[in-house]
1. Report, by residue number, each residue of region 331-353 that is surrounded by 14 or more Cβ atoms within 10 Å (Cβ to Cβ), without any contact (Cβ under 8 Å) to a residue 40 or more places away in the chain and either assigned to a strand (DSSP E or B) or polar (S, T, N, Q) (or both).
2. Would you check which residues across region 374-403 are open to solvent by less than 30 Å² (accessible area, probe 1.4 Å) and out of contact with any Pro (no Cβ under 6 Å at 6 or more places or on another chain) and list them?
3. Mind checking which residues of region 272-292 are modelled with pLDDT of 90 or more and open to solvent by 20 Å² or more (accessible area, probe 1.4 Å)?
4. Starting from region 101-115, take each residue that is on the phi > 0 side of the Ramachandran plot and of a type in the set (S, T, N, Q) and list its partners that are modelled with pLDDT under 95 and not in a strand (DSSP E or B), counting only C-beta distances under 7 angstrom and pairs at least six apart or across chains.
5. In this structure, is Ala160 open to solvent by 20 Å² or more (accessible area, probe 1.4 Å), part of a loop (DSSP other than H, G, I, E, B) and of a type in the set (Gly, Ala, Ser)?
6. Within region 411-445, count every residue that is of a type in the set (Val, Ile, Thr) and touching a Lys or Arg at 6+ places or on another chain (Cβ under 7 Å).
7. Can you pull out the strands (runs of 3 or more DSSP E) entirely within region 220-280 that have at least 2 residues that are touching a helix residue (DSSP H, G or I) at 6+ places or on another chain (Cβ under 6 Å)?
8. Looking at (1) over 30 Å from Asn342 (Cβ atoms); (2) surrounded by 17 or more Cβ atoms within 10 Å (Cβ to Cβ); (3) of a type in the set (S, T, N, Q), which is the only condition Ser469 fails?
Amino acid sequence: MLYRRNSGPFRVLQVIPGYDPEKRIPRGPMPLRLYRGIFLLGILFFSRCAFVNLEPIGFSTYPAGKNMILPETTSALRIHFSTAMDRLETQKVLSATFTGGNVQGDLIWRGNELAFSPLEPWLPGVRYTLSIAGTLYALDGREERVFRDIPFYVLSREAAPFVLGFSPPNGASVGVNSGEGAFLRIVFSQPMDRQSTADAIAIEGSGEREIRWFDEDRTVEIHPQKNLNPWVVYRWNLGGKARGKNGVPLGKEVEGRFVTDADRMLPGVKGVYPLIRGDPSSGLRWIKTGLPMETGLGSGQAVGIEFTKAMDESALRNIRFDPPLPGSAEMLSPDCIVFVPNRDPEPEKTYTLYVSPDSRDMGGLKMEREFFLSFIPDIPYLRILSLDTGRPAPVQGNIYPAQIHGAEGILTLTLRFSLVMDTPSQAAAALALRLEPFFPKNLKPAGLRSVRWWSADTVDLQWEGIERSIPGETHYYRLTIPGGRGGISGGGSFLKEDLFFIIEVLP
């Protein structure tokens, strides 16, 4: 056999039939057909080997070396190949990454050069990596496995800021306002750009906020303007686009959460009691009467509602009475509401006070259940204890006999009320009483001559012009005492209804 070296890195074995390299003499004749077949196979083999290119696929990159600094935030990454490539397959091996993940960008071919342009500008100071990892396919049939990482920066290699710490700690329990720890505090490794940092901080559901900076802009605090909701998990996030004052972004997001469940005691109504007006100069606008609410609420008094915790002012809107009792509510103290009726409750009527479970404390916690309390005001109806005409008691029903005196026809009546009457009530009562002819209708009207109060509950009234009865004709006059809220009243009480008394004038 004869060995020959062909061009290229491989050894090619060519066999010459009938030739022995040791003896160099033919071994014997071979059939002509076999010579021809072997000869054709050899020609075919050598013709194929002559066109196979086994050289590596050449390429160059931009950036060319490690830790190169690109001049612009929009600079494109490039790979230039020495030959035409399978474009779709080649695109799969190229990627750009940083600590925040993959960089998104557009791939553009210009001849044998593949360019990568980022969709968003590169961040200064961030360490990026151009990776070429996978199999390259040339159109001439060559294949090559490549693994190459090329780190690079843009504009600057200054150190990126990072978070040294934050509070509240992840998962911590806090209150609902800043005074109870419901604010976020972040400490950075270097001074930060205020605007980009503020834009990068988000707290779920916190609403309007106030941002405070400390320690030469190395520390930031985010304070919600309103109380947070109680028993809620609040998640916060610091985006990677927050930049230091050197322009280098944080690059990596930071997140955490805290729970507003530090206060777990629900509010409730501690007590309800009657109040009387105090001396504002002494600082006591309202004073407890010491009587139970169920039976002790008197005329001109207010209702005090004391809670177990300091309440939000929204609780003022969650108080009602059945039947309705018009009035106004105000905060007497953080844990006490005073309800001032516009007028006294109806005498001897049962009222029910309701405090809605929607009432919230200062921390936003609601009452566990609705509170209610029934009471009867200590305000009796005004009554007429006696009507004295100077004669014995009425002979029947409400007909009172009366003797007339003097030529002026003077009738004197004495009324005694069940409650004392103050001076304004006395004057109003005298004007409200009416004595009118009842039978016959042609009697002359009577005129009120005088009113004299013997005591706070007893009054003498004199009318003149009363016509005496005559034989065969008895004269009657009707005394009307108006009742209801618009009638005679005293001590906060009033007559339940209008009262009528018939005065029979004696001959």
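The values are calculated or read from the model by the stated rules, or taken from the named source; none is laboratory data. Since we're looking at a predicted model, the values are computed, not measured. Because the Cβ atoms are built from the backbone with ideal geometry, glycine has one as well, and the counts that use them run over all protein chains shown. The protein model used for the area step is the full one, side chains on, heavy atoms only, and it has no ligands, DNA or RNA in it. Shrake-Rupley method; radii C 1.70, N 1.55, O 1.52, S 1.80 Å.
1. Selection gives Met331, Cys336, Ile337, Phe339, Val340, Pro341, Tyr351.
2. As a first pass, look at region 374-403 and keep what is open to solvent by less than 30 Å² (accessible area, probe 1.4 Å): 375, 377, 379, 382, 387, 389, 401-402.
Passing the criteria: Phe375, Leu382, Leu387, Thr389, Pro401, Ala402.
3. First, the residues of region 272-292 that are modelled with pLDDT of 90 or more: 272-277, 286-292.
Hits for region 272-292 are Val272, Tyr273, Ile276, Arg277, Trp286, Ile287, Lys288, Thr289, Gly290, Leu291, Pro292.
4. Partner pairs satisfying both residue conditions: none exist.
5. On the way: open to solvent by 20 Å² or more (accessible area, probe 1.4 Å): yes; part of a loop (DSSP other than H, G, I, E, B): yes; of a type in the set (Gly, Ala, Ser): yes.
So Ala160 fits the description; yes.
6. Initial filter on region 411-445 (of a type in the set (Val, Ile, Thr)): 412, 414, 420, 423.
Cutting the leftovers down to touching a Lys or Arg at 6+ places or on another chain (Cβ under 7 Å) gives us none.
Count: 0.
7. Details: elements: 233-238, 254-259, 269-277.
Fully inside region 220-280 and qualifying: 269-277.
8. (2)
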